1. Check region 102-113 and report whether any residue there is within 30 Å of His460 (Cα to Cα), surrounded by 18 or more Cβ atoms within 10 Å (Cβ to Cβ) and under 32 Å from the mean Cα position of the chain (by Cα).
2. Looking at Tyr447, Tyr417, can you tell me which residue is assigned by TED's automatic domain parsing to the domain that holds Thr302 and open to solvent by 10 Å² or more (accessible area, probe 1.4 Å)?
3. Against the condition in contact (Cβ under 8 Å) with a residue 12 or more places away in the chain, over 20 Å from the mean Cα position of the chain (by Cα) and at positive phi, how does Gly310 come out, does it pass?
4. Quick one: which residue in Thr472, Thr478, Thr494 is closer than 11 Å to Val363 by Cβ, surrounded by 15 or more Cβ atoms within 10 Å (Cβ to Cβ), touching a residue at least 40 places away in the same chain (Cβ under 8 Å) and assigned by TED's automatic domain parsing to the domain that holds Asp248?
5. Restricting to region 535-571, name every residue that is closer than 21 Å to Asp491 by Cβ, surrounded by fewer than 24 Cβ atoms within 10 Å (Cβ to Cβ) and among the small types (Gly, Ala, Ser).
6. Could you tell me whether region 31-54 includes any residue that is open to solvent by less than 70 Å² (accessible area, probe 1.4 Å), at pLDDT 90 or above and within 30 Å of Arg464 (Cβ to Cβ)?
7. What pairs come up if the first residue lies in region 257-283 and is in a loop (DSSP other than H, G, I, E, B), the second is open to solvent by 30 Å² or more (accessible area, probe 1.4 Å) and among the β-branched types (Val, Ile, Thr), and their beta carbons are under 9 Å apart, counting only those six or more places apart or on different chains?
8. Looking for whichever is open to solvent by 10 Å² or more (accessible area, probe 1.4 Å) and under 20 Å from Pro440 (Cβ atoms) here; the options are Pro223, Pro271. Which one fits?
Amino acid sequence: MDDRVVAFKIIRNLIIFLAAVLVVWSMKLQIIEGRKHLRLSEENRIRKKFNPAPRGRILDRHGIEIANTRPGFYAAIVRATINQENLNTLARILNMTASEIIERSAVEKNKYNPVKIAHDISYEQLSLIEERLDLLAGIEVGAEPLRYYPYGKLLFHVIGYVGEITSQEMERESGYILGDYIGKMGLERYYEKILQGTHGIEYVEVDARGKEVGTITEKRSIPPTAGIDLLTTIDIALTESVAVYLKDYERAACVCLNPQNGGILVLYSKPGVDPNIFTHGMSSTEWDALLRDPTAPMYDRTTMSCYPPGSTYKPFVALAALDAKMSGEEKRFEPCQGVYRLGRRDFRCWKKHGSLDLDGAIVNSCDIYFYQLGRLIGIDTIADRSSRVGFGRKTGIDLPNEKQGILPDRLWFEKRYGKNWTQGHIFNLSIGQGDILTSPLQLACAYSVFANGGRIPIPHIIHRDDTTYFDTNFSSETIEAIRRSLAGVVDRGTGTWARVAGVEVCGKTGTSQNPHGEDHALFVGFAPAENAEILVCVVVENIGHGGSHAAPVTGKIIRAYLNSMQQQLSAINPRPGQDVEED
């Protein structure tokens, strides 16, 4: 056979073979894997764009917004399409370094997805980017809803704040994308699932450089769904008044609640932080400085700080004695001469009171009377009755990170000090010093037993139509005996600075010993004595005696609240002949 014929056949067969391979390959791509490649092509052409939902508003008891949403702008990058020159340009505009931008964007594993690297950028920064956006491949800007707190640091510890979600939180939580905000503290964290809302979805077409070129009409967009609003029991006007009354003190805490239903009117901790600073993010240096601040502004002193209750605890020792029928109202002990000897140790009182009955001991806050009363009834009676009013356990308030405090009982003392703990420990406990620790909220809730006829409502910040109570099973006669003495404290005893003209106020002063400096001042009071409308607990750190500092503040708070309630009542039911403004 001619060599040319052989060569021709070989070339022909090779061409047929290659043609067959191309046909088979084409069939594989178009028929067998057609849908797969169409999907990949669509994914490159179409981008799913998430539109964040506004968070639900938080309202005070009168419907005033104490947390809402404002518009803001963000900058984002797409790592797959941004080059170094554009990265440097963006870094200059945002006052960042290129390495910081890359570090922030590295959390997104898919380099084709845009990653927000700056929130709440200024109008100037937005304009600088938008005017050259056609040239800045891989860079995007857009609008987003941002959290806004109109009262700044005033409500920081009760509302909390939101911050950008971390990769660790992304692993634990569902329904979030990178760049989202999530509640970090306070109500924002506790009610995150209610406040969060649901993202909207929009489908946009992008070119090879990742730039948006239009909206995909064949795919229906899903609008975002805003979060649910929260109506709270907080009284913002009263909170502002509390801040004014405590303005001269560096560190303080105040709890105001309705003892009838447990609604929290004020939860104020000083110092605080303006939560708006977290909206556009903080550097690690700024965050570390905030955590190292010696005044601990991030710490909620109302629910997380625990103090010895001092003499504010004495009414509960008296309550235990009366309830157990181990002592009566007329009981007198060895007269107070300013010092009481136990073994080789002297236990002192702040004043020589002489002979007192139970009422006189509460009214004049006599330590030596309560040393002897505590020794008489013993640790088991004190611990049992104190537990019934909530000492040593969380109150159940709708906030995260509440501390339960310490209520030492026999077992606790044995674990801490062994079998050789002494009556001296009972002496200290009987006047609210030593090992017992309680938060201002816990102390306020415990006093509800006197303001509410023996029942203690579970405290809450979100408005509720029903109330859950702890029934302490103390007799009304026992509760009334202590309540009369608490009225005497304000009328003629150590708490006269808490008096309010025309209203019978009940309360108790306290001084919490502080081994690290000046003592803390405490006062717990409620009014009116019958059917109390407000209960207030004030703690002022490192200032001295409760009667001189915390009691006057409490009196002012009670007066302000009752006056405001009277004004509201007058507006609803004007007196005959009183002019009423028309709408």
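1. Looking through region 102-113, none of the residues is within 30 Å of His460 (Cα to Cα), surrounded by 18 or more Cβ atoms within 10 Å (Cβ to Cβ) and under 32 Å from the mean Cα position of the chain (by Cα).
2. Working: Tyr447 fails: open to solvent by 10 Å² or more (accessible area, probe 1.4 Å).
Tyr417 is the lone residue from the list that is assigned by TED's automatic domain parsing to the domain that holds Thr302 and open to solvent by 10 Å² or more (accessible area, probe 1.4 Å).
3. yes
4. Thr494
5. Within region 535-571, Ser548, Ala560 meet the criteria.
6. Yes, region 31-54 contains a residue that is open to solvent by less than 70 Å² (accessible area, probe 1.4 Å), at pLDDT 90 or above and within 30 Å of Arg464 (Cβ to Cβ).
7. Gln260/Thr467; Asn261/Thr467; Gly262/Ile458; Gly262/Thr467; Gly262/Thr468
8. Result: Pro271 is the single residue among Pro223, Pro271 that is open to solvent by 10 Å² or more (accessible area, probe 1.4 Å) and under 20 Å from Pro440 (Cβ atoms).
The values are calculated or read from the model by the stated rules, or taken from the named source; none is laboratory data. Just so you know, these numbers come straight off a predicted model, no measurement behind them. Cβ: placed from backbone, ideal geometry, glycine included. Neighbour counts: every protein chain shown. All accessible areas refer to the heavy atoms of the entire protein, side chains included, with ligands and DNA or RNA removed. Shrake-Rupley method; radii C 1.70, N 1.55, O 1.52, S 1.80 Å.
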